[in-house]
1. Among all residue pairs at least 6 apart or on different chains, which show Cβ distances below 7 Å where the first residue, located in the stretch 22-34, is at negative phi and of a type in the set (A, V, I, L, M) and the second is open to solvent by 10 Å² or more (accessible area, probe 1.4 Å) and within 13 Å of the ligand (Cβ to nearest atom)?
2. Can you tell me which residues in the stretch 183-219 are among the hydrophobic types (A, V, I, L, M, F, W, C) and either without any contact (Cβ under 8 Å) to a residue 24 or more places away in the chain or in a loop (DSSP other than H, G, I, E, B) (or both)?
3. Restricting to the stretch 112-139, give me the number of residues that are in a loop (DSSP other than H, G, I, E, B) and more than 10 Å from the ligand (Cβ to nearest atom).
4. For the list (1) under 24 Å from Trp22 (Cβ atoms); (2) open to solvent by less than 70 Å² (accessible area, probe 1.4 Å); (3) out of contact with any strand residue (DSSP E or B) (no Cβ under 6 Å at 6 or more places or on another chain), I need the number of the one condition that Ala280 fails.
5. Evaluate the following for Glu257: is it assigned to a helix (DSSP H, G or I), more than 14 Å from the ligand (Cβ to nearest atom) and over 23 Å from Val41 (Cβ atoms)?
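The values are calculated or read from the model by the stated rules, or taken from the named source; none is laboratory data. Here the structure is a predicted model, which is why all the values come from computation and not from measurement. Note that we place each Cβ from the backbone using ideal geometry, even for glycine, and neighbour counts take in every protein chain shown. In case anyone asks, the SASA skips ligands and DNA or RNA and just uses the protein heavy atoms, side chains included. Shrake-Rupley method; radii C 1.70, N 1.55, O 1.52, S 1.80 Å.
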Amino acid sequence: MKTRITALLGIEHPIFQAAMSWASSNSALVIAVSNAGGMGVLAAGPLRIDDFRRILGEIQAGTKKPFGVNIPLNSSKAAEMLNIAHEARIPVMVASQGGPREHLARFRAVGTKWLHVVASVEHARKAEAAGVDALVVDGAEAGGHPPPSEVGTIVLVRRVLQEVKLPVVASGGVADGAGIAALLALGADAVQLGTRFIATPEASVHENYKRAVLEAEVDQTAFVGRGMAPIRQLRNSFAEKYVEMERAGAPMEELDELFKQHSLKQAALEGDIKWGKVEAGQSAGLVHEILPAAEVMRRLVNELEAARRRLANL
Ligand SMILES: Cc1cc2nc3c(=O)[nH]c(=O)nc-3n(C[C@H](O)[C@H](O)[C@H](O)COP(=O)(O)O)c2cc1C
């Protein structure tokens, strides 16, 4: 299948494995997805500098296909990580949380394609004006960092496509080939899946976390941190306490304090799925088994083909 994104990035399938802190902060998942013809994306955010350098080397040794690196530009480690990524001439940058403009020229000079993650029409316009090559657009169903506006993927992606000319990777709420077909039909040039790839042996999160994703129903996530930088995670003791305090009208400082006391790391590495931030999308309810990432890719491609045939035969 050829789209503006497969042509821009040189990948076989219009399918991205989303950057997920901890879950995709390793080489195995990225290598497996890229070797299967998709776009594997390393989440560099939580990594120490020396680990980032090592894992980048592992990925370059493990695949000759294009892969991406996600660097949150507002991180204190961003400048150093950008230098390492630039030196390594990474094929694709998937930058988030910050302005891309000042970095584009030097990355373009070494052949890196720059994708920018946005969650609003305004940020999509700004990223286009800054000169990025393509956008990743996150809707409200997404795990991790959904838009504060809570506008869903179908509406936000469609609106962004009305406003910008850039290729768009749609993200949030997709776990199978039918979902991919739906967003391609909407006009997206590729589709990104995060939560689906947590349920793989390659994802580097605790077994408790993977089990919690398999057990979750579509209505068992919570939107935590309204009015700040919200996250979507599975409902657990932390999320319930937060939402209860919010409902009771607790002051912002108290909510902020509670928010900061709990972490994704606590859930992802220590396996504390009760009090940690078990970030996952609504699509967790669509995920029922753990499969190797290459097998997930194979199934996604087959399901996408089946969805296209179904539509053609209607
Ligand atoms: C556990 C987890 C961690 C995430 N970490 C990041 C991150 O480090 N950087 C980023 O840009 N997005 C991050 N995200 C968002 C994903 O890149 C993606 O937008 C989201 O998973 C898509 O929604 P889905 O889970 O329904 O497929 C994370 C999502 C999850 C579930």
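1. That search, which allows pairs on different chains as well, returns Ala23/Ser204; Ala23/Val205.
2. Of all residues in the stretch 183-219, those among the hydrophobic types (A, V, I, L, M, F, W, C) come to 183-186, 188, 190-191, 193, 197-199, 203, 205, 212-214, 216, 218.
Across the stretch 183-219, the qualifying residues are Ala188, Ala199, Ala203, Val205, Ala216, Val218.
3. Quick first cut of the stretch 112-139, residues in a loop (DSSP other than H, G, I, E, B) only: 112, 119-120, 131-133, 139.
Remaining after also requiring more than 10 Å from the ligand (Cβ to nearest atom): 112, 120, 131-133.
Summing the residues that are in a loop (DSSP other than H, G, I, E, B) and more than 10 Å from the ligand (Cβ to nearest atom) in the stretch 112-139 gives 5.
4. The number of the failed condition is (3).
5. Details: assigned to a helix (DSSP H, G or I): yes; more than 14 Å from the ligand (Cβ to nearest atom): yes; over 23 Å from Val41 (Cβ atoms): yes.
Yes, satisfied.
Listed here are the residues, each with its yes/no results for (1) surrounded by 22 or more Cβ atoms within 10 Å (Cβ to Cβ); (2) of a type in the set (Gly, Ala, Ser).
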residue	(1), (2)
Gly98	no, yes
Ala109	no, yes
Val118	yes, no
His123	no, no
Glu128	no, no
Val132	yes, no
Val136	yes, no
Pro146	yes, no
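This table checks each residue for (1) away from the ligand (no atom under 15 Å from the Cβ); (2) more than 24 Å from Ala199 (Cβ to Cβ); (3) surrounded by fewer than 22 Cβ atoms within 10 Å (Cβ to Cβ).
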residue: Asn26; (1), (2), (3): no, no, yes
residue: Ala44; (1), (2), (3): no, no, no
residue: Gly57; (1), (2), (3): yes, yes, yes
residue: Lys65; (1), (2), (3): yes, no, yes
residue: Ala88; (1), (2), (3): yes, yes, yes
residue: Val94; (1), (2), (3): no, no, no
residue: Glu102; (1), (2), (3): yes, yes, yes
residue: Arg106; (1), (2), (3): yes, yes, yes
